[in-house]
Amino acid sequence: MGGKMVPFAGYDMPVQYPMGVLKEHLHTREKAGLFDVSHMGQVFIMAEDKDFLTAAKALEKLVPADIQSLKPGQQRYSQFLNEEGGILDDLMISRLELPGYEHVLYLVVNAGCKITDYAHLEAHMPEGVSAQVKDDTLSLIALQGPSAAKVLEDFNPAVADLVFMTHTDLNLAGPLDAPIWAHVSRSGYTGEDGFEISVKHEDVGALVEALLAHDDVEAIGLGARDSLRLEAGLCLYGHDIDTSVSPIEAGLFWSIQKHRRSADAGYLGAARVAADLADKTTKRLVGIKPEGRAPAREHTEVQDMDGNTIGEITSGGYGPTAGGPVAMGYVSRKFTKAGTDVQLIVRGKARPAKIAKLPFAPHNYYRGA
Amino acid sequence: MSLYFTEDHEWIKVDGDEGTVGISAYAAKALGDVVFVELPDVGAEFDKGDEAAVVESVKAASEVYSPIGGEVTAVNEILEDSPETVNLSPAGDGWFLKIKIADADELSSLMDEAKYKAYCDGL
């Protein structure tokens, strides 16, 4: 396919295809992009007693999100925290809706963290609850963009009923020679409507080929995946979030349900979450819009207008949809208001910028007709 | 007028004691869509191999090194508003800067077009 390959998290990954990052990005926002994200980790958590609450309670010891209230077919975003409340990884958590498997939780974790995630789960799952890693059997692809639903409906019209952050298990057929059993979730990492599709390794080739045969679908590399998620204001692990920050500092407050915000909520790191909520002095992740055309990359120093260091950029580059440079980074609490003037030190020169509301490109999630 | 190339994919077109500097088509293609170019100030002085400009694509920033020592006499202001000119015309309208060559002997260590082509084919 002419992909330019780079090493990433121990995998050879396509950073871009012949179209190039800029056009791949715009194509995804206009039509549909297909991403190979099989490097990500896929894990099932289930209890021997086949009681959903047994598995949910076990996982709730490791993540701030409320898991017990998940209905079959629902999905939530959360984070694994260490004892100090630092972020070990961020992940998607789903409760299967397949009859007979409604007690099973399905997790998708970052490639770069998955080995330590699996060890973390292994160490903390109680007797009677198991975490089963399926990376040796399951592939994961993402179809993202305004045409994604139209494209995937050809394979099974039932996907039209999914709304953002729900999923189902079904057969994909239509243009395929033989039906493929798939776990389809309406979610993604671009800010667009779209799907993440988990299928067996032996089926993924045929599915990818059939999807790419559609006029609206192009293969998209890691480069555009990064610029798309940055414009959407979505964190990248190892850059915007890591063990040095809590979910509150990272602006992930929304992912922690109300009754899970107290120090005695009963998960690793809960005390830090509660403390950071109360303490108005900690830093916060914000959007930063450089004025002018010069991108400000990761590790760029952020200063107030008097030249005092107030923070650092953690993701920055050019936003093809925004039509200019965009960035995210941490600043001291008193500088977090949108519109605040700051300066960025790019190659020794102070350049003007403003604190900005995230996202830089509007989210186009499908929340129902 | 003679044209020379560096191993870092800059070109320099020499006319008397002035050189026009840009990046090769090979480099422009490898970088992908250029979204920003930072140019030096007119009057800046460089030694051969000094960082003279920065070219940014969606995904990364890359340095452009001066192929020769000398003083910058002009920069291509078109690139400030239309950085994509680097991709459209790397050998022409997408030039970066003009430099007053301090020591023409330094040109002898650069590649001519045929050598450079062979060099790129080997990459």
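For this structure, a couple of remarks:
- Look at the alpha carbon pairs under 8 Å that are at least 6 residues apart: their mean separation over the length of the stretch A:204-342 gives a relative contact order of 23 percent.
- Dipole magnitude of the stretch A:174-267, debye to nearest 20 (Cβ charges: Lys/Arg +1, Asp/Glu -1, about Cα centre): 620
- Among A:63-72, B:67-76, the order from most to least packed when residues are scored by Cβ within 10 Å on average: B:67-76, A:63-72
- In this label model, residue B:105 and residue A:171 are separated by 8.1 nm, measuring between points 7 Å along each Cα→Cβ vector.
- Diffusion of chain A by Stokes-Einstein, at 20 °C in a medium of 1.002 mPa s and with Rh set to the Kirkwood radius over alpha-carbon pairs, works out to 101 µm²/s.
- Listed residue (B:67, B:89, B:104) projecting farthest to the positive dipole end of the stretch B:35-106, Cβ model: B:89
- For chain A, adding -39500 (n - 2.57) for each run of n ≥ 4 DSSP H residues and dividing by the number of residues yields -5000 deg cm²/dmol at 222 nm.
- Principal semi-axes of the equivalent ellipsoid, √(5λ) from the alpha carbon gyration tensor of the stretch A:1-63, are 38, 15, 10 Å from largest down.
- Gyration tensor over alpha-carbon atoms, chain B, equivalent ellipsoid semi-axes in Å: 20, 18, 12
- Label point at residue A:97 placed 7 Å out along Cα→Cβ; residues across the stretch A:336-369 whose backbone nitrogen lies under 20 Å: A:365-369
- Cα gyration tensor shape for the stretch A:76-115, rounded if a/c is under 1.5, else prolate or oblate: prolate
- Taking the DSSP beta bridges with both ends in the protein assembly as shown, the antiparallel portion is around 95 percent.
- Charge dipole (debye, nearest 20) of the protein assembly as shown; +1 at Cβ of Lys and Arg, -1 at Cβ of Asp and Glu: 1960
- Site pair residue A:122 and residue A:349 shows an inter-label distance of 5.2 nm when each label is modelled 7 Å from Cα along Cα→Cβ.
- FRET efficiency, residue A:6 to residue A:365 (Cβ-Cβ, R0 22 Å, nearest 0.05): 0.15
- Where N is the number of residues in the stretch A:69-180, Cα Rg divided by 2.2 N^0.38 Å: 1.23
- Dipole orientation for chain A: of the candidates A:246, A:100, A:21, A:246 has the Cα lying most toward the positive pole (charges on Cβ; Lys, Arg +1; Asp, Glu -1).
- Exposure proxy ranking, count of Cβ atoms within 10 Å, fewest first, for B:120, A:235: B:120, A:235
- With a simple spin-label model that places each label point 7 Å from the Cα along the Cα-to-Cβ direction, the separation between residue B:88 and residue A:277 comes to 5.4 nm.
- Kirkwood hydrodynamic radius of the stretch A:257-369, from inverse mean 1/r over distinct Cα pairs, in Å: 15.5
- Largest to smallest principal axis extent of the C-alpha atoms in the stretch A:220-303, angstrom: 46, 34, 20
- Alpha-carbon centroid distance for the pair the stretch A:141-218 / the stretch A:54-83, whole angstrom: 26
- Table column - 3J(HN,Hα) (Hz), the stretch A:256-264, Karplus curve with 6.51, -1.76, 1.60, x for Gly and Pro: 10, 5, 3, 6, 9, 9, 9, 4, 9
- Each Lys and Arg contributes +1 and each Asp and Glu -1, all at the Cβ; summed about the Cα centre of the stretch B:2-110, the dipole is approximately 400 debye.
Computed from the coordinates by the stated procedures, all read-outs in this text should not be read as laboratory data. Bear in mind the structure is a predicted one, so any value in this text is a computation, not a measurement. Here the Cβ is made from the backbone with ideal geometry for all residues, glycine too, and neighbour counts use every protein chain on show.
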